[in-house]
1. Residue 341 passes all but one of (1) hydroxyl-bearing (Ser, Thr, Tyr); (2) outside any strand (DSSP E or B); (3) in contact with a strand residue (DSSP E or B) (Cβ under 9 Å, 6 or more places away or on another chain); (4) more than 14 Å from ligand 1 (Cβ to nearest atom); which number fails?
2. Being more than 30 Å from residue 411 (Cβ to Cβ), touching a helix residue (DSSP H, G or I) at 6+ places or on another chain (Cβ under 6 Å) and part of a helix (DSSP H, G or I) is the requirement here; does residue 74 meet it?
3. Being part of a helix (DSSP H, G or I) and free of Cβ contacts under 8 Å to residues at least 24 places away in the same chain is the filter; apply it to segment 378-409 and report the residue that is farthest from ligand 2 (Cβ to nearest atom).
4. Is at least one residue of segment 404-427 of a type in the set (Val, Ile, Thr) and under 30 Å from residue 12 (Cα atoms)?
5. Is it fair to say residue 251 is outside the structural domain of residue 137 (by TED's automatic domain parsing) and either of a type outside the set (S, T, N, Q) or assigned to a helix (DSSP H, G or I) (or both)?
6. Suppose the filter is farther than 18 Å from residue 247 by Cα and in a strand (DSSP E or B); does residue 412 pass it?
7. Can you find even one residue in segment 3-16 that is over 20 Å from residue 477 (Cβ atoms) and at pLDDT 95 or above?
8. Across segment 150-196, what is the total count of residues that are closer than 18 Å to residue 354 by Cα, of a type in the set (A, V, I, L, M, F, W, C) and out of contact with any Leu (no Cβ under 7 Å at 6 or more places or on another chain)?
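The values are calculated or read from the model by the stated rules, or taken from the named source; none is laboratory data. Predicted, not measured: the structure shown is a model, and the values here were computed from it. Every residue, glycine among them, receives a Cβ derived from its backbone with ideal geometry; neighbour counts consider all protein chains shown.
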Amino acid sequence: MGGGAGAPRGRFAALGSEELRHLKQLLGPSNVLTPEEVEREDLLRYNQDWMGKWEGRSSAILKPATTQEVSAILKYANEKNLAVVPQGGNTGLVGGSVPVHDELVLSLLRMNQVEALDTLSGIVTVEAGCVLEQLDQYLAKHGFMVPLDLGAKGTCTIGGNAATNAGGLRYLRYGSLRGNVLGVEAVLADGQVVDSLSALRKDNTGYGLPQLFIGSEGTLGVITKLTILCPARPKAVNIAFFACSSFEHVQRTFSLARQKLGEVLSAVEFCDRSAIDFVLKREAGTGVRDPLEETYPFYVLIETSGSDGEHDSEKLHRFLEAAMSDGDAAVQDGVVAADETQARALWRLREGVSDAMTTAGYVYKYDVSLPLPRMYELVEETRQKLQEAGVEATAKAAGYGHLGDANLHLNVTSLTGRDDKVLELLEPWVFEWVSKANGSISAEHGIGQCKPHFLHLSKSESAVALMRTLKATMDPKGILNPYKALRLQRALTQAE
Ligand code: FAD
Ligand code: MLT
Ligand code: ZN
């Protein structure tokens with residue numbers, strides 16, 4: 001489950017009937033769900049994470065519709081010392097979006113409107129609870145797109161994306177949300193609304209305040225609105241899926257793709273055979289199948305996006321020729337999607353890994369940045385460890401991820417369910433391995449309640465101290481998403 005699990009409850013107040021009455025008055029009774037009034041099943045979607053690994057027992061789910069309501073909730077919660085978990089689509093993979101104990105859940109899902117789009121600059125102003133795919137569909141109508149795409153697009157929210165600084169599939173081309181989010185409106189722990197909602201591409205008037213909230217996992221404020229710089233939607237998108245015989249060949253394929261595809265290259269993803277096998281099993285009967293005749297140890301998915309379909313596909317075919325031509329070819333076999341249905345099926349082979357490995361058993365997930373040449377070493381050493389411990393038949397490791405960003409996802413699925421022996425083999429070993437290799441223990445999913453105990457392996461003591469100072473300044477009572485990202489300050493635990 002990870003090192004943060006099992007944190008003792010902080011010295012926060014418990015929700016009483018008077019407080020509940022006040023919150024119901026504030027939001028309207030139907031926008032406050034409590035365990036006493038609602039079926040457990042209906043509460044589970046707020047209390048339990050997407051993988052079913054972490055589950056809290058929130059004393060109430062609050063569903064505000066406006067920034068003013070968020071502000072009133074937090075002002076009151078701060079006065080009454082009630083802990084609060086901001087929540088978007090609840091698709092986070094580190095347990096950040098669910099309560100650990102009885103924290104109030106503040107769901108942003110009702111705040112889902114696109115407020116404005118400047119069709120000249122592509123700058124969109126949107127409420128935090130807007131689902132990523134819905135925002136993208138809105139933008140598509142105007143010739144733009146969100147500079148972010150990920151497998152959870154149908155459920156995750158743009159506010160949650162910003163709060164986790166989500167990476168995803170378009171990162172290689174469009175970069176981080178830290179670059180694309182121009183402005184943020186956020187509510188601080190005491191209810192103050194910070195209007196930093198600039199719609200300007202350039203603005204050097206003092207500190208970059210929106211950056212404080214991007215990637216802060218709901219610990220410094222609740223994001224209520226954002227302005228985002230959106231690129232023009234490419235007219236032509238091509239997808240190709242290649243097989244490689246070693247990770248060395250995978251790296252050469254990436255290098256060649258950069259040289260030959262240049263400005264049209266928009267994604268370079270990879271999976272090993274084990275990951276693909278999980279997807280093929282999960283997707284049996286859906287039309288998603290292995291597009292190649294033989295099996296190979298590695299696969300690379302390449303996407304190009306541009307404005308001229310013919311030009312881009314010519315480039316892609318020239319790349320393919322180069323990649324398959326020499327004696328020790330980078331690529332062993334490959335297929336280029338002939339139409340959109342085939343393109344979607346090829347993407348599914350990569351995007352479906354997370355779901356396939358989660359439904360196959362209990363999954364231990366590691367999301368790390370590493371120097372590219374060392375990336376797959378970690379998967380191989382993990383397999384060796386599982387083998388030495390004699391659990392390789394039931395604990396299956398797979399490697400996949402965002403090759404273009406040197407972001408490895410190492411998953412180990414225990415087919416027999418949660419297994420503490422497997423966990424003991426993997427942690428802290430994986431995190432220490434990554435730290436020694438000068439990598440990051442969280443490339444894109446964040447820290448949540450899963451990794452606060454390992455933060456020091458990727459952040460210096462002075463950096464963690466400054467994080468603590470910021471947290472204490474912006475949220476002195478520590479009510480915002482306690483137990484997440486940073487360990488709860490000693491003074492706030494009951495044990496003290
Ligand atoms: P939640 O899960 O609800 O919350 C995540 C964190 O943000 C929590 O700490 C929460 O407290 C905080 N938060 C949420 N909304 C707000 C707000 N408005 N203000 C302040 N804090 C807030 N992640 C990637 O980076 N790349 C991927 O490629 C990727 N692929 C995924 C694929 C699948 C199938 C799944 C299930 C998840 C994937 N994720 C990926 C993880 C997850 O989708 C992202 O972290 C996403 O950004 C979370 O958005 P959400 O709205 O679901 O946020
Ligand atoms: C992905 O790249 O598929 C996501 O980050 C989700 C995951 O790793 O589970
Ligand atoms: Zn990812």
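1. Condition (3) is where residue 341 drops out.
2. Values: more than 30 Å from residue 411 (Cβ to Cβ): yes; touching a helix residue (DSSP H, G or I) at 6+ places or on another chain (Cβ under 6 Å): no; part of a helix (DSSP H, G or I): yes.
No.
3. So, considering only residues that are part of a helix (DSSP H, G or I) and free of Cβ contacts under 8 Å to residues at least 24 places away in the same chain, the one farthest from ligand 2 (Cβ to nearest atom) is 388.
4. The first filter runs over segment 404-427 and keeps only residues of a type in the set (Val, Ile, Thr), leaving 412-413, 416, 422.
Retained after the next criterion (residues that are under 30 Å from residue 12 (Cα atoms)): none.
No, because not a single residue in segment 404-427 is of a type in the set (Val, Ile, Thr) and under 30 Å from residue 12 (Cα atoms).
5. Working: outside the structural domain of residue 137 (by TED's automatic domain parsing): yes; either of a type outside the set (S, T, N, Q) or assigned to a helix (DSSP H, G or I) (or both): yes.
For residue 251, the condition - outside the structural domain of residue 137 (by TED's automatic domain parsing) and either of a type outside the set (S, T, N, Q) or assigned to a helix (DSSP H, G or I) (or both) - is met.
6. Working: farther than 18 Å from residue 247 by Cα: yes; in a strand (DSSP E or B): yes.
In short, yes.
7. Looking for residues that are over 20 Å from residue 477 (Cβ atoms) and at pLDDT 95 or above, one finds none in segment 3-16, hence no.
8. Selection size over segment 150-196: 1.
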